[in-house]
There are 2 protein chains.
Amino acid sequence: MPTDTPQPAFVLVRPQMGENIGAAARAMWNFGLDRMRLVAPRDGWPNPKAVAMASGAGRLLDEAQLTADVAEAVADCHFVMATTARARGLTKPVFSPERAMQVAAERIAAGERVAVLFGPERAGLENEDIAKANAIINVPVNPDFPSLNLAQCVLLTGYEWRRAQGAITPERVDMARADWAEQIEIEKLADHYEARLSEAGFFFPEHKAEGMRLNLRNMWSRMPLTRADVQTLHGVLRQMVRWKDRGD
Amino acid sequence: MPTDTPQPAFVLVRPQMGENIGAAARAMWNFGLDRMRLVAPRDGWPNPKAVAMASGAGRLLDEAQLTADVAEAVADCHFVMATTARARGLTKPVFSPERAMQVAAERIAAGERVAVLFGPERAGLENEDIAKANAIINVPVNPDFPSLNLAQCVLLTGYEWRRAQGAITPERVDMARADWAEQIEIEKLADHYEARLSEAGFFFPEHKAEGMRLNLRNMWSRMPLTRADVQTLHGVLRQMVRWKDRGD
């Protein structure tokens, strides 16, 4: 059963190898996309090689809408984007994948249906297909090596779709949940080290002692220490003193 | 010949299938990255299957640096990030790929060397590898189907590297002038503490020793340590041992 989340349809146009269709299904489902449409797959449909490759995402193949041409595949859509390496002289807005999926998210949120076209492995989309699109998506690859395959192109677009969802923050810091030490704990840690290291004769020679103390304190307060870190560092020092006292 | 552009090294840790190493090379070069490092590839090196798959990006394999372990692979790096699906209880900043590559771009612009670790196909990175990293990269995949393969993970990270080239904000200006410790210095610091604390009987009881060691290593690699900090921390430990030896 398809997910309820409104989302773009990914349309594979005249895909050749079954393996690539399966890999594209996996790439889609990695980012929670499950509306695949297929236009005239070269080796017919269903395709056992696609099924074998799709493992875990086979449902997308079962539910894929099969059509004979691009026009039929996107008939119900309000906005269509075509992925291509070159704009080929067609005057059309060119979006980065990021911008494209932002636009898709906005339109879908407004109740529109959006489709993204992906061309066949070797040749890519034909001008006739591209002409049916409202905009072009261009992945910023290395111009000396623009060799993205079908599933990779699907993967990057799906990734940007997921990024475009509000749920995904640009930076999720697990550290925020960390139990950070309070300033007083850092202060006590610094005191502890300073006291023991004084006894141990660390702050030497005398005329450098002041600067050494300051540097050490500065170091502790500059570190992002959790409560557990502070306990560990106390423990390290205590154990060294115990070792000394044992005299072994 | 490698490109002149400063860039992160991508480190494949114990990769299994040669095909995946070749596909990772292609994925890197798609986004203009050509510094590959290999840690203990399962099937030895060079690997003809990697070469066959890398077509067009074979140069990356020829120039890949081969090392026996992760520590050696990142010895010269100032900042190391580990790609992983789970943070696994280690306290460490978690970046999205976008944020991670922005951070990488900023640090590299400030003259640092940055590495990204990618784990083996099935198991992913081990906690011991992750403990060597300063931060974690987490790709926001579908929690019901988090099945990115090695080359796909490399592809998305490379894509974000390329995206980060456009928009580098001059952040961290003051810190950029600091003389940051290299990874090998952190490693030696961790070794030093582990060795002395073992002698001192710190890692006790026995059944907790392994976890205590890992936590301590993780703490050092999480701290933003300058060369001077590292010297200070060595000095602290040395002085405590001297104190013990004096027996006063």
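Scanning for something surrounded by 15 or more Cβ atoms within 10 Å (Cβ to Cβ) and under 11 Å from the mean Cα position of the chain (by Cα), does the range B:43-64 turn up at least one residue?
No, the conditions are met nowhere in the range B:43-64.
Answer yes if at least one residue in the range A:216-230 is within 21 Å of B:GLY201 (Cα to Cα), within 9 Å of chain B (Cβ to nearest Cβ), of a type outside the set (Ser, Thr, Tyr) and in a helix (DSSP H, G or I), and no otherwise.
Among the residues of the range A:216-230, at least one is within 21 Å of B:GLY201 (Cα to Cα), within 9 Å of chain B (Cβ to nearest Cβ), of a type outside the set (Ser, Thr, Tyr) and in a helix (DSSP H, G or I), which makes the answer yes.
So which residues in the range B:108-141 are over 25 Å from A:LEU156 (Cα atoms) and either outside the structural domain of B:ASP34 (by TED's automatic domain parsing) or not aliphatic (A, V, I, L, M) (or both)?
B:GLY111, B:GLU112, B:ARG113, B:GLU126, B:ASN127, B:GLU128, B:ASP129, B:LYS132, B:ASN134
Report yes if some residue within the range A:239-247 is modelled with pLDDT under 90, over 42 Å from the mean Cα position of the chain (by Cα) and within 12 Å of chain B (Cβ to nearest Cβ); otherwise report no.
Within the range A:239-247, one or more residues are modelled with pLDDT under 90, over 42 Å from the mean Cα position of the chain (by Cα) and within 12 Å of chain B (Cβ to nearest Cβ).
Return yes when B:LYS132 is in a loop (DSSP other than H, G, I, E, B), of a type in the set (Lys, Arg) and either more than 8 Å from chain A (Cβ to nearest Cβ) or over 25 Å from A:LEU216 (Cα atoms) (or both) and no when it is not.
Yes: the conditions hold for B:LYS132.
Considering the range A:205-230 alone, what residues qualify as being more than 15 Å from B:GLN231 (Cβ to Cβ), modelled with pLDDT of 90 or more and exposed (fewer than 13 other Cβ atoms within 10 Å of the Cβ)?
Correct list: A:PRO205, A:GLU206, A:HIS207.
For A:LEU61, indicate whether it is assigned by TED's automatic domain parsing to the domain that holds A:VAL116, of a type outside the set (Asp, Glu) and in contact with a strand residue (DSSP E or B) (Cβ under 6 Å, 6 or more places away or on another chain).
No; evaluated as a whole, the condition is false for this residue.
Is it the case, given these coordinates, that A:LYS132 is in contact with a helix residue (DSSP H, G or I) (Cβ under 6 Å, 6 or more places away or on another chain), basic (Lys, Arg) and at pLDDT below 90?
Against the criterion (in contact with a helix residue (DSSP H, G or I) (Cβ under 6 Å, 6 or more places away or on another chain), basic (Lys, Arg) and at pLDDT below 90), A:LYS132 qualifies.
Please tell me if A:ASP179 is more than 7 Å from chain B (Cβ to nearest Cβ) and touching a strand residue (DSSP E or B) at 6+ places or on another chain (Cβ under 7 Å).
yes
Among the residues of the range B:103-129 satisfying the criterion of being in contact with a Ser or Thr (Cβ under 8 Å, 6 or more places away or on another chain) and farther than 19 Å from B:ASP34 by Cβ, which is surrounded by the most Cβ atoms within 10 Å (Cβ to Cβ)?
B:LEU125
Check the range A:90-101 and report whether any residue there is of a type in the set (Ser, Thr, Tyr) and at pLDDT 95 or above.
no
When you look at B:GLU160, is it surrounded by fewer than 21 Cβ atoms within 10 Å (Cβ to Cβ), at negative phi and assigned to a helix (DSSP H, G or I), yes or no?
So B:GLU160 fails the test.
Is it the case that the range B:66-75 has a residue that's more than 21 Å from the chain's Cα centre (by Cα) and more than 14 Å from every other protein chain (Cβ to nearest Cβ)?
Within the range B:66-75, none of the residues are more than 21 Å from the chain's Cα centre (by Cα) and more than 14 Å from every other protein chain (Cβ to nearest Cβ).
Hey, among the residues in the range B:182-204 that are part of a helix (DSSP H, G or I) and facing chain A (nearest Cβ under 8 Å), which one's surrounded by the fewest Cβ atoms within 10 Å (Cβ to Cβ)?
It comes out as B:GLU199.
Is one or more of the residues making up the range B:32-47 among the β-branched types (Val, Ile, Thr) and touching a strand residue (DSSP E or B) at 6+ places or on another chain (Cβ under 9 Å)?
yes
The values are calculated or read from the model by the stated rules, or taken from the named source; none is laboratory data. Note that the coordinates shown come from a computational prediction; the quantities given were computed from them, not determined experimentally. Neighbour counts are summed over all protein chains in view; Cβ atoms, including those assigned to glycine, are modelled from backbone coordinates with ideal geometry.
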